[in-house]
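Below is one structure, written out as structure tokens; comments come after it.
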Amino acid sequence: MDRVDERRIFTVTDLKQYTYCPRIVYYTYCLPLIRPTTYKMDAGVRAHEKAGKREERRTLSAYGLEEGQRHFDVWLKSSILGLTGKVDMVIEAGEGDGRELIPVEYKQSRRRIGTHIRHQLTAYGMMLQETWGGRVRRGFVYSLLKRRAEEVRLTERMQEQVRDLVTEMHGMVERERMSPPPRSPRQCVNCEFRRFCNDVL
Ligand code: SF4
């Protein structure tokens, strides 16, 4: 992938939301004044702050590791991908050729890991590889409700999808063209933009 147009850097959250529903990114960039701040968003920030403090007291066994160094709230920026974002934690394990970087995201959910979360972790993994060097082949989602970490493989196919999605996001925002709603109306039920989408539910 060539270096993307430097005029716009999307966030990894944009990428995650674009996978969930492209319209959310449309509203964010093409109609920026309408975005509501919901109780759910504020509660999510507070839960993540608490999770970081608890994580410091936990061992790495939740991730199947005996030792490693943890880095919290790591800001990453990739000029190749055209993305920026803050990953909840990076575990740095092993040394030399065996050094591995593992992105970890905390989630306030019991649901299975959706594709949007896999794209989010994959993007962090690609950004880590670009900026920190070292091997990145997996990440974890830590469910704050289940108190369990689940491994996500960061495959070549997922990386390809991330590159394609970033290109699509640029195209959509530049053309200012709103996408159709998702096939399943289920994801509209709790969406903060629901009152702006008159063609759903
Ligand atoms: S209400 Fe549905 S279509 Fe509209 S932004 Fe939300 S998820 Fe997308």
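Read the figures in this text as sums done on the coordinates, not as results from a lab. Everything quoted here is computed from the prediction, not taken from an experiment. Here the Cβ positions follow ideal geometry from the backbone for every residue, glycine too, while neighbour counts run over all protein chains shown.
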- Task: Please find, within segment 173-201, the residue that is farthest from the ligand (Cβ to nearest atom) out of those that are farther than 20 Å from residue 11 by Cα, touching a helix residue (DSSP H, G or I) at 6+ places or on another chain (Cβ under 9 Å) and part of a helix (DSSP H, G or I).
- Result: 196
- Message: Given the criteria away from the ligand (no atom under 16 Å from the Cβ) and aliphatic (A, V, I, L, M), does residue 136 qualify?
- Response: yes
- Query: Taking the condition assigned to a strand (DSSP E or B) and buried (at least 17 other Cβ atoms within 10 Å of the Cβ), does residue 149 pass?
  - Reply: yes
- Residue that is nearest to the chain's Cα centre (by Cα) [pool: residues in segment 155-166 that are surrounded by 12 or more Cβ atoms within 10 Å (Cβ to Cβ), assigned to a helix (DSSP H, G or I) and more than 16 Å from the ligand (Cβ to nearest atom)]: 162
- Return a yes/no flag: does segment 137-146 have any residue that is crowded, with 21+ Cβ neighbours inside 10 Å, in contact (Cβ under 8 Å) with a residue 40 or more places away in the chain and among the aliphatic types (A, V, I, L, M). no
